[in-house]
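Asker: If you scroll down you'll find the structure; I have some questions about it.
The values are calculated or read from the model by the stated rules, or taken from the named source; none is laboratory data. Note that this is a predicted model, so its numbers are computed, not measured. Glycine also receives a Cβ, built like all others from the backbone with ideal geometry; neighbour counts cover every protein chain displayed. Side chains included, ligands, DNA and RNA excluded: accessible areas come from the protein's heavy atoms. Shrake-Rupley method; radii C 1.70, N 1.55, O 1.52, S 1.80 Å.
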Amino acid sequence: MNILDRIRRAPRAVRVIAEIAVLGWLFRLWAVLSYRPTCEGPSPDCYTLAGDAKFGHLQANLLADTGRFLNPLEHLSSVERGVEEVLLDSAGDPPFFAAYLAGWSKIGFDGITDHRIAATFWGFVLIVVIGLFTRRLAGNVAGVTAAVIAALHPLMWVNDIMLLSEGMYQPFVVLVFWAGYEWIREPSRRNIAVVGVSIALAALVRAEAVSLYAFLVLP
């Protein structure tokens, strides 16, 4: 059975959640390409790379070029000053988001807008997992409603268009709670292992996820 057959055979609510996720993803693409397109200088009508987003974008390109996690700001400073390139290893940020963007850089999509578009994929994933998890908790109507909220709520899409790792982090947090719910329903070794793995994956995106071991697993 191919993927199209699986989609056609899925319950109607699941198909609706998938459709909402596609529309939410298209909305994010519109936001990147039209609502807040990339620009060089600060402007209220476009997006200028700065802060953590700049760190992640530049580190991803260095990772694609060198195979190493380097401090991109030190490297950029040395290039701008015209001195010997500074290649300083850095674990300033968890590696998952930069590694994801580096994969796109490796195949030629290494621009700021390219990376912003790549980041919108996680918005699609977020809508799907929120919709399906809520459907699991409270039924079809709740699942579809949650998917709509995830598609449109500014705090759910702004991280994607700003190229922030929080956009990738959010789906993994939902998966952590989903895994925790499944463990509560069926306390098995397999399910607690899934909880541990999901927290570990989230921590590879944002370091604060490690605290979930203390607040979720130990209790």
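Asker: May I ask you to list pairs of residues, at least six apart or on different chains, whose Cβ atoms are under 9 Å apart, with the first in the stretch 6-17 being modelled with pLDDT under 70 and the second being open to solvent by 100 Å² or more (accessible area, probe 1.4 Å)?
Answerer: Pairs found: R9/M1.
Asker: Examine the stretch 150-161 for a residue that is in a helix (DSSP H, G or I), open to solvent by less than 70 Å² (accessible area, probe 1.4 Å), at pLDDT 95 or above and not aromatic (F, W, Y), and state whether such a residue exists.
Answerer: Yes, the stretch 150-161 contains a residue that is in a helix (DSSP H, G or I), open to solvent by less than 70 Å² (accessible area, probe 1.4 Å), at pLDDT 95 or above and not aromatic (F, W, Y).
Asker: How do the pairs read when you match residues in the stretch 84-104 that are more than 26 Å from V210 (Cα to Cα) with residues anywhere that are among the charged types (D, E, K, R) and at pLDDT below 90, using Cβ under 6 Å and keeping only pairs 6 or more apart or on different chains?
Answerer: If the second residue must be among the charged types (D, E, K, R) and at pLDDT below 90, the pairs left are V86/E74.
Asker: Has the stretch 103-117 got any residue that is over 14 Å from the mean Cα position of the chain (by Cα) and of a type in the set (S, T, Y)?
Answerer: Yes, the stretch 103-117 contains a residue that is over 14 Å from the mean Cα position of the chain (by Cα) and of a type in the set (S, T, Y).
Asker: Oh, and also: Would the stretch 176-189 turn up any residue that is among the β-branched types (V, I, T), within 26 Å of W30 (Cα to Cα) and either within 11 Å of the chain's Cα centre (by Cα) or open to solvent by 40 Å² or more (accessible area, probe 1.4 Å) (or both)?
Answerer: For the stretch 176-189, residues among the β-branched types (V, I, T), within 26 Å of W30 (Cα to Cα) and either within 11 Å of the chain's Cα centre (by Cα) or open to solvent by 40 Å² or more (accessible area, probe 1.4 Å) (or both): absent.
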